[in-house]
């Protein structure tokens, strides 16, 4: 039972909404949704499936003020607010989610869930089901026996969550990167349910280059002897390979403009010239290593590989062609992207926009500015707030 | 002694040059240059240094018709022609090197050498000195005890080779990618010697993003337990990690346009849907793996890491600033690049061009078209032939 649906919470939020726009000032409650059994689109059974979720704002009586936010590759449900007052940072899209913000929690009920095979198995706030979960048939972690899951499976589990809450309409679906893939899939799979679509920094299909890139992301894991074919639970995990995998993602999700202005050719350690020793590094290398090693400690290598697969297999709507698939999308669409994105290149985004628009579906494209490349779609979204607000307000 | 300098060879080529433009029809002879000892710019001693080299055309009596061609990261001296009639393919720039071609071997003596720490230690035609070479102090391979070498060291060894041939002027220096770094360095280090500069698909400095990218390229090697801190000679080499490293390079040197039109979302094996099994791959993945594994067999992992370091440490001319360094370049410059290059992004190339031109040095920039990205500078150079020919003919 979601506490926001109680009458008291509704009243509390109604009172708050009279105040001027402010940071989302309620603590966010992480909840868990469980399905006793789920059958993947590929026909495999996972029992049980458990995912975490959270929401900001109040579900109205008609239950028609819902915005579903779907998360990126290395993300979680935590899109806005804080779980505890002492949290260092709020959720990743806090700049655009909250009272009076673009996704105005005085109006909308913004809901976000952890995906299947979520990367962050070591984050105590994350609940997910994947290779690190217990296989009831063996009482041990699934490992690589876990079935392949796709973006469509992520969507189906989210739909089951919404069904459990009695939500039959989505005012909008919005997500960044892998979140945009889920958003495209939602709009193509359930066109009657999705009223507005906001894909951010993503295209409607993994093309050959992205398939290859995702393979490259995962490769260091399989090179690590500790990976052991995915059988490492209770042993030393392949965190060296996982850190290298996360390093590639971090670098590619960023941009040379940011890297150059942040690090230049600075050395990692004063007096240790990288030209003098194979062990001496540049600062950009040392920082990337540090971040990646920290991330690896709370991530799971097999989950990383299953996320690679989910993204590789993605082609929105599963039509005979991408054009046929995208013709299924009926929701007015606001595509937000960064022209210097090095993960989802602008051509793919423009192609997606053209194919959705081909049968008359309204499509607006907004370009983000910034020096972060792909990550501007996560870190620098305030600039798109007015465009989002206007789009969400349209009948 | 170079056979082309013999009077008979001069005559033979003079006769050939009366014939219409044709494929370079002499067999190329690979030769070896040895220095009893070489001291790196960092102050370390390598003894001996041996590198392979080859040339096309005839050195004239004034020895002033020389074009030095410097090779890319995974390349060798083999820029044109065939070593044997039955060779499957000629050198990588055969389209622009030969009788009547842009680098007209009827006029020019085109010379190219293997670099230090050349990657292709398993290629019988390659001679190089690096971690896989014997350290005379121990009688065993150097491994990671081999000193760091830089692009400037590559240039210094090439200069020693030219000195040995009595060559004191270069009509031009030209190279692609890492070859362009050597070309920039030549022009900044020896401005009185270099008469023309033709950097192809490269910038005059490794910026922070390229430093990080090169780190990512090498990372899978160090994750491979067989790498063993570089001590694997006589044991099982880290070819799994090396293959993954080479796979990253292959993908990044290519472009999504090519990947998409070549592979699309085709499966590697008929009937094996990648969405049904973690082991089933897409065709683009399978082909990248196949190519990378084949390359790994004739490459050396430590040499790869030393090449990474040489590229990371590169900043042309070693001035107080890049502007000061590039002001040292006096040679008229023809920069050839591909605007969709995913290794050396166009901004870096444009910045380089502007800094060289800042003190009045003539700079012309030619853009390549194509679907291969970075690799258009290796595979599709015929389109630049006229621009190169005109530039080389200018007094």
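The values are calculated or read from the model by the stated rules, or taken from the named source; none is laboratory data. The model shown is predicted, which means the values in this text are computed figures rather than measured ones. Ideal geometry is used to build each Cβ from the backbone, glycine not excepted, and the neighbour counts take in all protein chains shown.
Can you tell me which condition residue A:389 does not meet? The list is (1) part of a helix (DSSP H, G or I); (2) surrounded by 22 or more Cβ atoms within 10 Å (Cβ to Cβ), and all the others hold.
Evaluating residue A:389 over (1) part of a helix (DSSP H, G or I); (2) surrounded by 22 or more Cβ atoms within 10 Å (Cβ to Cβ) leaves (2) as the failure.
Criterion first (more than 10 Å from chain A (Cβ to nearest Cβ) and surrounded by fewer than 21 Cβ atoms within 10 Å (Cβ to Cβ)) does residue B:236 satisfy it?
Yes: the conditions hold for residue B:236.
Looking at residue A:307, is it closer than 23 Å to residue A:201 by Cα, within 9 Å of chain B (Cβ to nearest Cβ) and crowded, with 16+ Cβ neighbours inside 10 Å?
Spelling it out, it is not the case that residue A:307 is closer than 23 Å to residue A:201 by Cα, within 9 Å of chain B (Cβ to nearest Cβ) and crowded, with 16+ Cβ neighbours inside 10 Å.
Return the total of residues in the stretch B:70-94 being buried (at least 22 other Cβ atoms within 10 Å of the Cβ) and out of contact with any helix residue (DSSP H, G or I) (no Cβ under 8 Å at 6 or more places or on another chain).
Residues meeting the conditions: 7.
Identify, by number, the condition in (1) outside any helix (DSSP H, G or I); (2) within 14 Å of chain B (Cβ to nearest Cβ); (3) in contact (Cβ under 8 Å) with a residue 40 or more places away in the chain that residue A:328 doesn't meet.
(2)
Filter the stretch A:110-126 for residues that are buried (at least 24 other Cβ atoms within 10 Å of the Cβ), in contact with a strand residue (DSSP E or B) (Cβ under 8 Å, 6 or more places away or on another chain) and farther than 19 Å from residue A:47 by Cα and give the result.
If the condition is that a residue be buried (at least 24 other Cβ atoms within 10 Å of the Cβ), in contact with a strand residue (DSSP E or B) (Cβ under 8 Å, 6 or more places away or on another chain) and farther than 19 Å from residue A:47 by Cα, then A:110, A:111, A:112 are the ones that fit.
Just checking, which of A:291, A:287 is more than 8 Å from every other protein chain (Cβ to nearest Cβ), closer than 17 Å to residue A:74 by Cα and assigned to a helix (DSSP H, G or I)?
Within the list A:291, A:287, the selection yields A:291.
Report the residue count in the stretch B:333-353 for those that are more than 14 Å from chain A (Cβ to nearest Cβ), in a helix (DSSP H, G or I) and touching a helix residue (DSSP H, G or I) at 6+ places or on another chain (Cβ under 9 Å).
Number of matching residues: 0.
Between A:226, A:215, which is surrounded by fewer than 23 Cβ atoms within 10 Å (Cβ to Cβ), under 27 Å from residue B:238 (Cβ atoms) and at the interface with chain B (Cβ under 10 Å from one of its Cβ atoms)?
Just a single option satisfies the conditions, and that option is A:226.
Please go through the stretch A:170-195 and give me each residue that is farther than 21 Å from residue A:93 by Cβ and surrounded by 24 or more Cβ atoms within 10 Å (Cβ to Cβ), ordered by number.
If the condition is that a residue be farther than 21 Å from residue A:93 by Cβ and surrounded by 24 or more Cβ atoms within 10 Å (Cβ to Cβ), then A:188 is the only one that fits.
May I ask you to say which residue of B:257, B:244, B:270 is more than 10 Å from chain A (Cβ to nearest Cβ) and either assigned to a strand (DSSP E or B) or at pLDDT 95 or above (or both)?
On the way: B:257 fails: more than 10 Å from chain A (Cβ to nearest Cβ); B:244 fails: more than 10 Å from chain A (Cβ to nearest Cβ).
After applying the criteria, what remains is B:270.
Kindly check whether there is at least one residue in the stretch A:159-169 that is under 19 Å from residue A:66 (Cβ atoms) and crowded, with 24+ Cβ neighbours inside 10 Å.
No, every residue in the stretch A:159-169 fails to be under 19 Å from residue A:66 (Cβ atoms) and crowded, with 24+ Cβ neighbours inside 10 Å.
Would you call residue A:137 modelled with pLDDT under 95, in the same structural domain as residue A:121 (by TED's automatic domain parsing) and surrounded by fewer than 24 Cβ atoms within 10 Å (Cβ to Cβ)?
yes
Taking the condition of being on the phi > 0 side of the Ramachandran plot and without any contact (Cβ under 8 Å) to a residue 60 or more places away in the chain, how many residues in the stretch A:42-81 meet it?
Matching residues across the stretch A:42-81 total 3.
Filtering the stretch B:354-371 down to residues that are out of contact with any strand residue (DSSP E or B) (no Cβ under 9 Å at 6 or more places or on another chain) and over 26 Å from residue B:312 (Cα atoms), which residue is nearest to the other protein chains (Cβ to nearest Cβ)?
B:371
Checking the conditions here, which among B:175, B:166, B:202 is more than 12 Å from chain A (Cβ to nearest Cβ), out of contact with any strand residue (DSSP E or B) (no Cβ under 9 Å at 6 or more places or on another chain) and not in a helix (DSSP H, G or I)? So that I can check it myself, show each step before the final result.
Details: B:175 fails: out of contact with any strand residue (DSSP E or B) (no Cβ under 9 Å at 6 or more places or on another chain); B:202 fails: out of contact with any strand residue (DSSP E or B) (no Cβ under 9 Å at 6 or more places or on another chain).
B:166 is the lone residue from the list that is more than 12 Å from chain A (Cβ to nearest Cβ), out of contact with any strand residue (DSSP E or B) (no Cβ under 9 Å at 6 or more places or on another chain) and not in a helix (DSSP H, G or I).
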